[in-house]
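Here's the structure, in structure tokens; my notes come after.
The values are calculated or read from the model by the stated rules, or taken from the named source; none is laboratory data. Just so we're clear, the structure is a prediction, and the values are computed from it rather than from any experiment. A quick note on method: Cβ atoms are made from the backbone with ideal geometry, for glycine too, and the neighbour counts reach across all protein chains shown.
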Amino acid sequence: MSTETSAAEPYSALTPDLILNAVDSVGWRTDGRLSGLNSYENRVYQVGIDDGPPLVVKFYRPGRWSDDAILEEHEFVARLAEAEIPAVPALASETGSTLHRFGGFRFALFPRLLGRAPELEDRATLEWMGRFLARIHAIGALQPFAARPAIDIASFGEAPRAFLLGQQFIPVDLVPAWRGVVDLAIEGVRRCFARAGSVPILRLHGDCHAGNVLWTDDGPHFVDFDDSRTGPAIQDLWMLLSGERESMERQLGWILAGYEQFREFDDRELNLVEALRTLRLIHYSAWIARRWNDPAFPAAFPWFDTPRYWQDRILELREQVALMDEPPLRPA
């Protein structure tokens, strides 16, 4: 992993001049316009270009991914774009590279794409998204990642649990309750994976929630593959479901109606929906904790180190323990 800047303040040296000079350094001449876009893990900006439309530049968080892992993401998305799947690939410079360095940072450039949030209660929208997710997975199944890790119990459950218990974010009087419920939750996840059995794993988007889908007149466009990992196909489907069980089963049915036009779906993976949701909840708390020295995080999540936050997480995980013992969702 790169250690190019301080982990405590990883972006302290990322000034407007540095951002514009970085883009200039790889062959695009900026016009001085610069605006920040919503991102916590990385730093992402829209930059104006002298002789063309604005571009999006992403400065990668130092130390998070190796160069090989970033380039694997770029290569995967490029293969999707070549197959006319609406994913947004990184732009190559005149040297052919998509990963660049400037001022101690690694960065990549992307075309700017305008769009709106998808309507996840609309049948046609979800069927359309299901068709493209199946095509993403068909390419994702062709070969594995070599440098990127998997979505699994160890990295999304056990490691976050150990990290949070080793820090002082959880109020002392709530530690026993949190430890007890997270242990029960991880055991519940294990039971879900055991019920599912040996399901195929493949390269995924990895973080396919509505905020990472831009809708245009041409349909969905999948953006931000920064969390792309290996895992079961259901990982890219369950985050599109919301509401009560009846609503989620209806939405799932619509997604799979589109998905199975291009790729078979293994129904055993439905046992993993609540397990994967549980792992995401545990991992999310640890993600904030690991980034707490970045000044952007206390500003964005001021409630994180309060007793109320951890009380809510305890209740949330108790609900997940119960949900994981219920029958899995069934597409309606």
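Restricting attention to region 223-244, the residues that are among the acidic types (Asp, Glu) and closer than 24 Å to ASP122 by Cβ add up to 3.
For GLN251, the conditions (1) in a loop (DSSP other than H, G, I, E, B); (2) at pLDDT 95 or above; (3) of a type in the set (S, T, N, Q) all hold with the exception of (1). The residue that is modelled with the lowest pLDDT, counting only those in region 26-66 that are of a type in the set (Asp, Glu) and surrounded by fewer than 15 Cβ atoms within 10 Å (Cβ to Cβ), is ASP51. When region 291-332 is filtered for residues that are basic (Lys, Arg) and part of a loop (DSSP other than H, G, I, E, B), the ones remaining, listed by number, are ARG291, ARG330. For region 69-92, does any single residue satisfy the condition of being farther than 26 Å from ILE139 by Cβ and not assigned by TED's automatic domain parsing to the domain that holds ARG203? No, the conditions are met nowhere in region 69-92. Taking the conditions exactly as written (outside the structural domain of GLU41 (by TED's automatic domain parsing) and surrounded by fewer than 17 Cβ atoms within 10 Å (Cβ to Cβ)), does ALA257 satisfy them or not? In short, yes.
Scanning region 303-328 for residues that are over 19 Å from LEU270 (Cα atoms) and charged (D, E, K, R) gives ASP305, ARG308, ASP312, ARG313, GLU316, ARG318.
Being in a loop (DSSP other than H, G, I, E, B) and exposed (fewer than 15 other Cβ atoms within 10 Å of the Cβ) is the filter here; which residues of region 142-170 pass it? Correct list: LEU142, GLN143, PRO144, ALA146, ALA147, PRO149, GLN167, GLN168.
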